[in-house]
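For reference, the structure discussed in these notes is given below.
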Amino acid sequence: MKRVIKPEGKFNIALEEVPIPEPGPGEVRIKAACSLISRGSELGARYTREYAVSPDIMGYSMAGTVDALGEGVPHLDVGDRVVALAPHAQYVICPARPAAPQDQTRIMPMPSGLSFDQAPYYPLTAGAVTWVEVEQIQPHDTVVILGQGLVGSLILQVIKANGHGRVIAVDALDNRCTQAEEFGADVVIHAGKEDPVKSVKRLTNGMGADVVVYAVGGPAGPTAFEQGLDMLAIGGLIHLIGLYEDQPL
């Protein structure tokens, strides 16, 4: 089978031929149908580094079919369609259940009605639902989402589906701003054409946003974080979801 590897060298990505692994007790082997690449943790971080990266973490979320079972896996059958947090490979091994209660579940049955192309987004979508619940947005709140990449876009859609708050989406790319409008943002601010802080202050009569969701990564991270603090209302909540490296908060 083939799997993705990252040897030493910036952007040095390759396919490696290795034997198909066998599941041990409590493990599941999945034949991959679709594997999602993370723009942040992979394209923006691991792939851009000079050092080698373990193939075990060269992945994000994938969907496929249960191909083989180890002993002690009574709740799954060969042929089941599943979503898994797993490496980029034609066949992957996953624990059928978390090793400890605090550990993350790495394999889930595919929700009915989803295609293999759609299913890898399921864990992130579930995360967006959880993040919005944590924010406890009230009907009268103004919510600013900094960044309209995959995470920011999902959070926008969840908030609008809940029907709470006025949502202001901020991004510096034309296509993302257009997409935010299509997904129902009440206001879209193009950070490349106007000052987001001044615009949010103007839209809130100088009060600032009740909730700022920080969903930005990469080089723009430090600037976006400072803007998030500057546009936040007194007593407001800033929710850090995006990550950036090389500079401290």
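What follows draws every value from the coordinates through simple rules; no lab data is involved. Not measured: the values here are computed from a predicted model. Glycine also receives a Cβ, built like all others from the backbone with ideal geometry; neighbour counts cover every protein chain displayed.
Among 140-152, 194-206, 105-117, 216-228, sorting by the average number of other beta carbon atoms lying within 10 angstrom of each residue, highest first, gives 140-152, 216-228, 194-206, 105-117. Put simply, the amide H of SER61, placed in the peptide plane, has neighbours under 5 Å in LEU36, ALA86, leaving out anything fewer than 5 places away on its chain. A cut-off of 5 Å between modelled amide H atoms, ignoring neighbours fewer than 5 places along the same chain, links ALA209 with LEU232, ALA233. Taking θ as phi - 60° and the Karplus parameters 6.51, -1.76 and 1.60, the scalar couplings of region 161-173 work out to 5, 6, x, 10, x, 9, 9, 10, 9, 10, 7, 10, 10 Hz in sequence order, x denoting glycine and proline. A simple rule links phi to the HN-Hα coupling: the Karplus curve 6.51 cos²θ - 1.76 cosθ + 1.60 with θ = phi - 60°, which for region 52-64 gives 6, 10, 4, x, 5, 10, 7, x, 8, 9, 9, 10, x Hz, with x for Gly and Pro. Modelled spin-label separation between SER115 and LEU173, with each label point placed 7 Å from Cα along the Cα-to-Cβ direction: 2.1 nm. Express in % the proportion of alpha carbon pairs of the chain at distances exceeding 30 Å. That fraction is 37 percent. The amide H of ILE189, built 1.01 Å from its N in the peptide plane, has ALA169, VAL170, ASP171 as neighbours under 5 Å, considering only residues 5 or more places off or on other chains.
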